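Student: Please read through the structure below; I'll follow up with questions.
The values are calculated or read from the model by the stated rules, or taken from the named source; none is laboratory data. Everything numeric here is computed off the predicted structure, so don't read it as measured data. Here Cβ is always computed from backbone atoms with ideal geometry, including for glycine, and neighbour counts include all displayed protein chains. Quick note on the areas: whole protein, heavy atoms, side chains included, nothing else; ligands and nucleic acids left out. Shrake-Rupley method; radii C 1.70, N 1.55, O 1.52, S 1.80 Å.
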Amino acid sequence: MYVGPSVVAGKLSSPGHPRTRNPSLVTYRSGRHFLQLPGPTNTPDRVLRAMSKATIDHRGPDFEELTHRLLDGMRRVFRTERDVFIYPASGSGAWEAAIVNTLSAGDTVVAFDQGFFAQGWIKVAERFGIDVRVQPWDSRRGLTPEAVVALLDADSAHEIRVVIVVHNETSTGVTTDVEAIARAMHASGHPAMLYVDAVSSLAVTDLRHDEWGVDVTISGSQKGLMLPPGLSVMAAGPRAMEAHASAGLPRSYWDWTAQLTSNERGSFPYTPATNLLYGLEEALAMLEEEGLERVFARHDRFARATHAAVEAWGLEVFALDPEESSRAATAVIVPDGHDADALRATILDRFDMSLGTGLGEYKGQVFRIGHLGDLNALSLMGTLAGVEMGLKVAGIPHPRGGLDAAMHVLTDMEREG
């Protein structure tokens, strides 16, 4: 449960943080904190209660049954009948696991500079001695199949082993059509594998690991899966498992073979994060109760309502193509002469709501509204009200009407659906 800042010596101090903020008119934090980041997202009460259960023997029969239920549940979310893996880690751990299990030093991979998190893939691969061919890309647009296939067609020696694609670049709020890229890659005849970062798209935007022919898909627990940070999840197709058999990079903790051997017995090759796994089971149950198609439709409705509000405020969504704008989070550009982080600080201090910061080169230019995970229409409207009030207090010029525009989208789509 979030515990709000308290007044200490005339300043607002956040619990657990030695730093204090400037004096504020707010002296008591009533109600709940609005955690509207693109992740971590709000953890449902059901998941928190599940995580509070007593820890059990991770070598015992009850845990064995839990392990098999979780692996089957993750297969349904990834939409795969192949191997899935769960590690106590963040998404960064899953990136490393994908690389060390399938590649050797000197192998060539292609990565497009889609944004801050795409750059993370690049750094991890380079540290393992992988030859990463980094391709420039307009971060305000989704990656195109034509750009990928052009590189593969030029690679007559078939040196490229892997193409790395971020499905939803969390830092920019831009989504790429992975299905189109996967189909184009297979049609090209080039043997390169496709690795997909689905950290902020899994259980938010439609993704079909098997049907699309993705070789490795990775994600984390703290976004669409509605858990606290701490688990990474991944799916591996047959070509990735074949590559695993001959991969030469050193691995121990991440080793797929050790993981599969233990998983068959309903265990893990290390002490697992038992209580996070309890939470994962409950989150998977919630997703299945709602149904993945309805989960995707809900996120689409909330994204469109947010975009309508931003447009009504006269602000600019970072994604140039509305159809490529993320269903997980909307990145908003502040007008010249204004600081996005100052706006975020105002909204946090005055209205107790956390929004995402701009990352990398866009720090101070962009703020991000998370609208994924455990969220309903009223929570979204409260979020957008907080943004509109913050714009006014921060002195950022904007016409009124954002809330009304969002409301029209939500009510019209509700009637249609």
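Student: When region 227-265 is examined, which residues are found to be crowded, with 24+ Cβ neighbours inside 10 Å and part of a loop (DSSP other than H, G, I, E, B)?
Tutor: Within region 227-265, just LEU227 meets the criteria.
Student: Same structure, new question: Check region 294-316 and report whether any residue there is touching an Asp or Glu at 6+ places or on another chain (Cβ under 8 Å), at pLDDT 95 or above, part of a helix (DSSP H, G or I) and under 17 Å from ARG79 (Cα atoms).
Tutor: Yes, region 294-316 contains a residue that is touching an Asp or Glu at 6+ places or on another chain (Cβ under 8 Å), at pLDDT 95 or above, part of a helix (DSSP H, G or I) and under 17 Å from ARG79 (Cα atoms).
Student: Based on what the data block shows, is GLY224 in a loop (DSSP other than H, G, I, E, B), over 14 Å from GLU64 (Cα atoms) and not acidic (Asp, Glu)?
Tutor: yes
Student: If you don't mind, another one. Which numbered condition in (1) surrounded by 14 or more Cβ atoms within 10 Å (Cβ to Cβ); (2) among the charged types (D, E, K, R); (3) more than 23 Å from the chain's Cα centre (by Cα) is the only one that LYS53 fails?
Tutor: LYS53 satisfies all of (1) surrounded by 14 or more Cβ atoms within 10 Å (Cβ to Cβ); (2) among the charged types (D, E, K, R); (3) more than 23 Å from the chain's Cα centre (by Cα) except (1).
Student: Out of the residues in region 138-161 that are in contact with a Leu (Cβ under 7 Å, 6 or more places away or on another chain) and open to solvent by less than 60 Å² (accessible area, probe 1.4 Å), state the one that is farthest from LEU202 (Cα to Cα).
Tutor: Filtering region 138-161 for residues that are in contact with a Leu (Cβ under 7 Å, 6 or more places away or on another chain) and open to solvent by less than 60 Å² (accessible area, probe 1.4 Å), the one farthest from LEU202 (Cα to Cα) comes out as ILE160.
Student: Continuing with the same structure: Can you find a residue that is under 13 Å from ILE164 (Cβ atoms) and charged (D, E, K, R) anywhere in region 97-120?
Tutor: yes
Student: So, GLU388, is that one in contact with a His (Cβ under 8 Å, 6 or more places away or on another chain), acidic (Asp, Glu) and open to solvent by 10 Å² or more (accessible area, probe 1.4 Å) or not? Can you show your working first?
Tutor: Values: in contact with a His (Cβ under 8 Å, 6 or more places away or on another chain): yes; acidic (Asp, Glu): yes; open to solvent by 10 Å² or more (accessible area, probe 1.4 Å): yes.
So GLU388 fits the description; yes.
Student: Name the pairs whose Cβ atoms lie under 8 Å apart, with the first residue in region 54-74 and farther than 15 Å from GLU288 by Cβ and part of a helix (DSSP H, G or I), the second among the charged types (D, E, K, R) and open to solvent by 10 Å² or more (accessible area, probe 1.4 Å), and 6 or more positions between them or separate chains?
Tutor: Cβ pairs passing all conditions: PHE63/ASP57; GLU64/ARG265; LEU66/GLU281.
Student: In region 343-356, is there at least one residue being under 27 Å from LEU227 (Cβ atoms), open to solvent by less than 10 Å² (accessible area, probe 1.4 Å), out of contact with any Ser or Thr (no Cβ under 9 Å at 6 or more places or on another chain) and in a helix (DSSP H, G or I)?
Tutor: No, that holds for no residue.
Student: Please state which of the following conditions LEU320 fails to meet, knowing it meets all the rest: (1) touching a residue at least 40 places away in the same chain (Cβ under 8 Å); (2) under 21 Å from THR170 (Cα atoms); (3) among the aliphatic types (A, V, I, L, M); (4) touching a helix residue (DSSP H, G or I) at 6+ places or on another chain (Cβ under 9 Å).
Tutor: Exception for LEU320: condition (4).
Student: Next up: For region 344-372, which residues satisfy the criterion of being under 20 Å from the mean Cα position of the chain (by Cα) and among the aliphatic types (A, V, I, L, M)?
Tutor: MET353, LEU355, LEU359, VAL366, ILE369, LEU372
Student: Name the single residue, out of those in region 81-92 being modelled with pLDDT of 95 or more and over 22 Å from GLY213 (Cα atoms), that is least open to solvent (accessible area, probe 1.4 Å).
Tutor: Within region 81-92, the match that is least open to solvent (accessible area, probe 1.4 Å) is TYR87.
Student: Another question about this same structure. When you look at THR108, is it at pLDDT 95 or above and more than 22 Å from PHE318 (Cβ to Cβ), yes or no?
Tutor: It is true that THR108 is at pLDDT 95 or above and more than 22 Å from PHE318 (Cβ to Cβ).
Student: I'd like the full set of residues that are part of a loop (DSSP other than H, G, I, E, B) and either over 14 Å from VAL334 (Cβ atoms) or touching a residue at least 60 places away in the same chain (Cβ under 8 Å) (or both), limited to region 359-395. Lay out the reasoning, then the answer.
Tutor: Just the residues of region 359-395 that are part of a loop (DSSP other than H, G, I, E, B), to begin with: 359, 363-365, 371-376, 395.
Listed by number, the residues that qualify are LEU359, HIS371, LEU372, GLY373, ASP374, LEU375, ASN376.
Student: Also: Any chance region 401-408 includes a residue that's open to solvent by less than 30 Å² (accessible area, probe 1.4 Å) and under 24 Å from the mean Cα position of the chain (by Cα)?
Tutor: Yes, some residue in region 401-408 is open to solvent by less than 30 Å² (accessible area, probe 1.4 Å) and under 24 Å from the mean Cα position of the chain (by Cα).
Student: Just to check your reading of the model, which residue among PHE296, PHE268 is in contact with a His (Cβ under 8 Å, 6 or more places away or on another chain), open to solvent by less than 30 Å² (accessible area, probe 1.4 Å) and in contact (Cβ under 8 Å) with a residue 12 or more places away in the chain?
Tutor: PHE268
Student: While we're on this one: Got at least one residue in region 333-353 being within 25 Å of VAL178 (Cα to Cα) and in contact with a Leu (Cβ under 8 Å, 6 or more places away or on another chain)? So that I can check it myself, show each step before the final result.
Tutor: Taking region 333-353 as the starting set, the residues that turn out to be within 25 Å of VAL178 (Cα to Cα) are none.
Scanning region 333-353, I find no residue that is within 25 Å of VAL178 (Cα to Cα) and in contact with a Leu (Cβ under 8 Å, 6 or more places away or on another chain), so the answer is no.
Student: On the basis of being within 28 Å of SER262 (Cα to Cα), touching a residue at least 60 places away in the same chain (Cβ under 8 Å) and crowded, with 20+ Cβ neighbours inside 10 Å, does ALA105 make the cut?
Tutor: So ALA105 fails the test.
Student: Right, something else. More than 19 Å from the chain's Cα centre (by Cα), surrounded by 19 or more Cβ atoms within 10 Å (Cβ to Cβ) and aliphatic (A, V, I, L, M), is that true of VAL310?
Tutor: Yes; evaluated as a whole, the condition is true for this residue.
Student: Can you tell which of GLU316, GLU288, GLU281 is open to solvent by 10 Å² or more (accessible area, probe 1.4 Å), of a type in the set (D, E, K, R) and touching a Leu at 6+ places or on another chain (Cβ under 7 Å)?
Tutor: When all the criteria are applied, what remains is GLU281.
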